[in-house]
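Step one of this worksheet: look at the structure below.
The values are calculated or read from the model by the stated rules, or taken from the named source; none is laboratory data. The model shown is predicted, which means the values in this text are computed figures rather than measured ones. Note: ideal-geometry Cβ built from the backbone for every residue, glycine included; neighbour counts use all protein chains shown.
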């Protein structure tokens with residue numbers, strides 16, 4: 001692609017527009033103590049040149065994307081991504097796998113408590129992402145109130161621990177059951193809804209749960225929340241703070257592996273195919289003999305199960321919960337993980353969870369620009385790779401061409 | 001062309017079927033019957049209510065009035081008459097009536113094989129627990145689903161596309177995949193909604209052959225809605241003609257061709273247009 005005159009003109013207009021937009025914040029500085037206005041014209045020049053060049057890069061990338069689309073008849077969206085090619089090659093996959101395990105095992109012993117804590121959070125979001133992936137990615141039911149099940153799990157542990165002193169390992173399966181129960185509870189009224197309507201109702205559901213927790217003081221202790229929830233114990237032994245964080249880290253690793261195992265098996269099963277069919281075409285799905293009601297409810301229940309369990313772990317990790325941890329922003333974050341990772345793709349969701357949770361933490365060095373960079377990355381991802389980091393590839397089967405049984 | 005011997009055994013009986021949408025009567029006391037091993041065509045001008053009729057008998061709509069009675073050969077041996085009004089679409093399919101759609105409704109982002117495997121859903125049982133633990137029964141069932149689905153695709157002539165995404169198939173192949181998917185549900189009656197729409201003459205010819213073959217080899221009865229008169233006349237054992245929600249004629253292709261009422265209602269319009 002040669003930079004033709006019209007291209008240059010386009011970029012010039014873009015840079016003009018950016019200079020205009022950023023004028024108030026980048027050029028004018030008002031010093032209120034001395035009543036001075038500082039005009040920083042040099043900033044405007046930087047912005048102009050920067051956006052001029054970046055607009056070229058931007059259009060070049062878009063152009064490459066278009067070319068890629070024309071190249072394959074199937075379209076670039078189906079082409080295997082870099083990660084998939086990397087993982088399918090044994091020469092790279094096995095060393096990468098070993099290095100990955102090594103990294104995972106020594107991580108909490110090498111890094112400090114702060115780093116381990118961040119990693120635990122990221123792992124929790126992997127499981128949350130994979131759980132929501134069942135509902136949104138596989139079954140195609142847009143759920144904006146997913147955090148409600150997370151809250152249900154957390155409060156299950158918080159309340160049972162507070163009132164009855166029940167331990168982490170007893171409540172963990174109870175959290176799963178409570179999550180599933182509330183998943184079905186939400187599932188019933190929304191059976192007939194889809195798309196935008198479903199999203200709004202689930203959004204409402206999430207808010208209802210949060211508002212109940214906030215206002216029903218006798219039950220949930222309101223906004224002040226529940227404190228001094230016990231950390232998980234190892235065979236009845238109470239651990240010190242730092243070792244219990246390491247312990248929780250490995251609990252979370254186990255949880256992630258368990259989730260990946262189950263979700264992977266589910267999505268290539270009869271029930272998983274039914275979910276995908278439901279996502280693809282609800283009417284055809286029913287006409288092919290799939291019970292819509294049951295399929296939707298299992299999707300909601302199984303999706304919520306993971307949120308319930310992670311909720312229990314969350315309560316055990318922070319030892320304090322209150323409704324402020326379960327706002328809509330959390331749901332949006334988990335949804336972003338699913339969409340950014342690639343709907344229905346396990347590896348993609350895991351990578352996206354790590355990126356979306358760790359990135360803002362490590363970007364703290366850039367303090368003010370942290371969220372700006374974060375937002376820009378999201379926008380760029382969605383423009384250039386709308387199918388997510390790792391697009392879901394359907395399983396292929398091998399047959400002898402002349403097999404006549 | 002070999003024709004399967006016709007029996008007089010009725011497998012689908014529709015009595016006085018009426019469907020109102022508010023003040024609009026889309027179907028008006030319709031009586032239709034289909035016998036075992038028959039290919040029956042349902043024709044009529046646009047808006048006559050043919051697709052509404054399909055939607056009623058497959059459970060997508062719940063009819064206002066009338067009876068839909070099937071004599072299902074499932075479970076094998078036990079011939080029993082059964083009223084299927086008010087059943088859900090998936091229950092109707094389970095009883096053994098599968099359909100295709102006028103505007104193709106495949107699962108575009110699933111492979112061709114998976115599309116057919118969905119058709120096996122209602123004939124298999126494994127659930128969440130089986131999926132997670134992969135016990136022997138589940139593994140065997142899963143393998144059977146794959147094998148059965150592949151066999152259906154071979155029969156339909158789509159075997160070389162097994163792992164392609166359904167959305168990447170050529171148009172004619174997509175229509176055939178819909179038939180394959182319906183066939184995978186082990187129906188005794190297949191309802192085809194304009195299977196030849198958008199096909200070129202060559203593809204239509206192949207479709208003609210395919211439908212006859214399905215009837216003969218799979219012992220399935222076929223009810224089709226179609227506008228391609230050549231196809232209808234060559235395929236059908238009997239034809240029902242609808243106009244404004246009413247049945248205006250029925251009979252063999254020969255009788256229909258010469259029926260003045262039909263010519264007036266249907267063919268007359270075609271000439272005008």
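Modelled with pLDDT under 85 and either touching a strand residue (DSSP E or B) at 6+ places or on another chain (Cβ under 7 Å) or surrounded by 15 or more Cβ atoms within 10 Å (Cβ to Cβ) (or both): does that describe residue A:242? Spelling it out, it is not the case that residue A:242 is modelled with pLDDT under 85 and either touching a strand residue (DSSP E or B) at 6+ places or on another chain (Cβ under 7 Å) or surrounded by 15 or more Cβ atoms within 10 Å (Cβ to Cβ) (or both).
Yes/no per residue for (1) assigned by TED's automatic domain parsing to the domain that holds residue B:168; (2) in contact (Cβ under 8 Å) with a residue 40 or more places away in the chain:
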position: B:55; (1), (2): no, no
position: B:58; (1), (2): no, yes
position: B:61; (1), (2): no, yes
position: B:66; (1), (2): no, yes
position: B:82; (1), (2): no, no
position: B:89; (1), (2): no, no
position: B:112; (1), (2): yes, yes
position: B:117; (1), (2): yes, yes
position: B:132; (1), (2): yes, no
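Could you please find all residues in the stretch B:112-141 being farther than 18 Å from residue B:179 by Cα and within 7 Å of chain A (Cβ to nearest Cβ)? Those that are farther than 18 Å from residue B:179 by Cα and within 7 Å of chain A (Cβ to nearest Cβ): B:124, B:126, B:127, B:128, B:131, B:132, B:134. Any idea which residue in the stretch B:99-111 is farthest from residue A:395 (Cα to Cα), counting only those that are touching a helix residue (DSSP H, G or I) at 6+ places or on another chain (Cβ under 9 Å) and more than 8 Å from chain A (Cβ to nearest Cβ)? Checking each candidate, the answer is B:102. Between A:254, A:225, A:206, the distinction of being more than 10 Å from every other protein chain (Cβ to nearest Cβ), touching a residue at least 40 places away in the same chain (Cβ under 8 Å) and within 22 Å of residue A:129 (Cβ to Cβ) belongs to A:206 only.
Yes/no matrix, rows are residues, columns are (1) out of contact with any strand residue (DSSP E or B) (no Cβ under 8 Å at 6 or more places or on another chain); (2) buried (at least 19 other Cβ atoms within 10 Å of the Cβ):
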residue: B:200; (1), (2): yes, no
residue: B:222; (1), (2): no, yes
residue: B:225; (1), (2): no, yes
residue: B:231; (1), (2): yes, yes
residue: B:234; (1), (2): yes, no
residue: B:239; (1), (2): no, yes
residue: B:244; (1), (2): no, no
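Screening the candidates A:287, A:274 for the property of being under 24 Å from residue A:188 (Cα atoms), touching a strand residue (DSSP E or B) at 6+ places or on another chain (Cβ under 6 Å) and within 14 Å of chain B (Cβ to nearest Cβ) yields one hit, A:287.
Working only within the stretch B:13-26, note down all residues that are more than 20 Å from residue B:256 (Cβ to Cβ) and either buried (at least 21 other Cβ atoms within 10 Å of the Cβ) or in contact with a helix residue (DSSP H, G or I) (Cβ under 8 Å, 6 or more places away or on another chain) (or both).
In the first step, residues of the stretch B:13-26 are kept if they are more than 20 Å from residue B:256 (Cβ to Cβ); the result is B:13, B:15-26.
Residues satisfying the conditions are B:17, B:19, B:26.
Residues that are crowded, with 24+ Cβ neighbours inside 10 Å, in the same structural domain as residue A:128 (by TED's automatic domain parsing) and under 16 Å from the mean Cα position of the chain (by Cα) number at least 1 in the following helices (runs of 4 or more DSSP H) confined to the stretch A:292-405: A:292-318, A:328-341, A:346-362. If I filter the stretch B:167-183 for residues that are free of Cβ contacts under 8 Å to residues at least 12 places away in the same chain, not assigned by TED's automatic domain parsing to the domain that holds residue B:220 and not in a helix (DSSP H, G or I), do I get at least one hit? Checked against the condition, which is being free of Cβ contacts under 8 Å to residues at least 12 places away in the same chain, not assigned by TED's automatic domain parsing to the domain that holds residue B:220 and not in a helix (DSSP H, G or I), the stretch B:167-183 yields at least one hit. Here residue A:157 meets the list (1) within 15 Å of the chain's Cα centre (by Cα); (2) crowded, with 24+ Cβ neighbours inside 10 Å almost entirely, failing just condition (1).
Can you find a residue that is assigned to a strand (DSSP E or B), away from chain A (no Cβ under 14 Å), crowded, with 18+ Cβ neighbours inside 10 Å and over 13 Å from the mean Cα position of the chain (by Cα) anywhere in the stretch B:39-55? For the stretch B:39-55, residues assigned to a strand (DSSP E or B), away from chain A (no Cβ under 14 Å), crowded, with 18+ Cβ neighbours inside 10 Å and over 13 Å from the mean Cα position of the chain (by Cα): present. Looking only at the stretch B:79-93, how many residues end up being modelled with pLDDT of 90 or more and within 19 Å of residue B:219 (Cβ to Cβ)? Residues flagged as modelled with pLDDT of 90 or more and within 19 Å of residue B:219 (Cβ to Cβ) within the stretch B:79-93 amount to 1.
Scanning the stretch B:110-136 for residues that are buried (at least 19 other Cβ atoms within 10 Å of the Cβ) and part of a loop (DSSP other than H, G, I, E, B), which turns out modelled with the lowest pLDDT? Once the filter is applied, the top-ranked residue is B:126.
Screening residue B:223 against (1) without any contact (Cβ under 8 Å) to a residue 40 or more places away in the chain; (2) part of a strand (DSSP E or B) leaves a single unmet condition, (1). Residue check: residue A:264 meets all listed conditions (1) within 14 Å of another protein chain (Cβ to nearest Cβ); (2) touching a residue at least 60 places away in the same chain (Cβ under 8 Å); (3) buried (at least 21 other Cβ atoms within 10 Å of the Cβ) but one, namely (3).
Does residue A:289 qualify as being modelled with pLDDT of 90 or more and closer than 30 Å to residue A:224 by Cβ? Outline the logic, then answer.
Numbers: modelled with pLDDT of 90 or more: yes; closer than 30 Å to residue A:224 by Cβ: no.
No.
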